[in-house]
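Coordinate-derived values only; no laboratory data. Model, not experiment: these values are computed from the prediction.
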Amino acid sequence: MIKQVIRLMGCLPLLWWALPSQAAVILQYHHVSENTPAITSVTPAQFEEQMAYLAEQEFNVVSLETVLDAIRAKETLPPKTVAITFDDGFQNIADNGHPVLKRYGFPYTLFINPEPVGRPRMMSWDTLRQLTEEGATIANHSLRHDHLIRLLPGESRQEWESRIRSDIEQTEAIIQRETGHNLKALAYPYGEYNQALRRLLEQMGFVGIGQHSGAAGPYSSLTAIPRYPVAGPYADMATLKVKLHSLNMPVAAVDGEESELVGRNRPTLTVTLAGNDVRTKELMCYIQGQGAKAPTWLDDNTFTIQADLPMPAGRSRYNCTAPSRTQGGYYWYSQPWIQANSDGSWPAE
């Protein structure tokens, strides 16, 4: 098990982590269509309803860059801050999503893979450039949407690092050349990352953005920024409203967060919380595929959680939530896991 203390927040003013404005909710979409896989889609009607809710409830919809800059600078954001993102660059986003966002004046970020640009069902560079003129930011989703944590047959760790570094740098250079944008933020393909990839991004000066749930804020690592996927069963408006008001769990330290499960199929996660606003007695964790489980508290601020059954091959998560004592919402923390098959191969995607 790799132990890493992500962040100790003692240097931050008390006001920073006590304010309800500490959190920004980042939404993640793939398709806005009725004719694409439901698991990665919202319908145009659903998308319209969701954007109308943000407007009617006067959410502070900002660019992703604004959120990331605030996290870096330890600056507060207004309450009800939201950033909107899309992965992959499908044409239906331009056809069905962009007109709604333009009408409301909402900025958003498109994470794209340069190699498929212009193929059937994907946007062209001309379309992407047009969207940038009307409120979109284009950002890095890797060159081809490969599984970045996987080594090629016979590949050494050093060779892997060189290959992935080249992929990210090449993608960023293409985006900058074609659109002028250089956000230096990578949305991990499939939401997959491990400690080696996080370290590489940090060395390169990149932010890493996942697909695990939670509000982003001062306790978020800049190489594991959470987003709420909005698609299929997670596009339900009632559920989404709860997430839009969620809070950034005040995680001061984590032990056992290596996402790639090697030699451990029932990972133990130990989390230390800062402050006293979390209703710790009501904190509950949800093991994907296994249901709810109460954590074990090691002291007043530190809990540990472990699955009862082995985690399956592929991607899974632990999600932990708890109500705030003062802010009227729920703190939310998610830890993603990725595991190969028992023979070392990877599940088909």
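Quick rundown of the values:
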| quantity | calculated |
| --- | --- |
| More than 23 angstrom apart: percent of Cα pairs within segment 253-339 | 21 percent |
| Cα gyration tensor, segment 24-245 - rounded (a/c under 1.5), prolate or oblate | prolate |
| For segment 147-207: rounded, prolate or oblate by the Cα gyration tensor [a/c cutoff 1.5] | prolate |
| Mean ellipticity per residue at 222 nm, deg cm²/dmol - from DSSP H runs of n ≥ 4 across the chain, formula -39500 (n - 2.57) | -7000 deg cm²/dmol |
| Cα gyration tensor category, rounded, prolate or oblate, for segment 201-283 with a/c compared to 1.5 | rounded |
| Whole-Å distance, taken between Cα centres, linking segment 67-89 and segment 304-349 | 23 Å |
| DSSP beta bridges in the chain [antiparallel fraction, %, rounded to 5] | 55 percent |
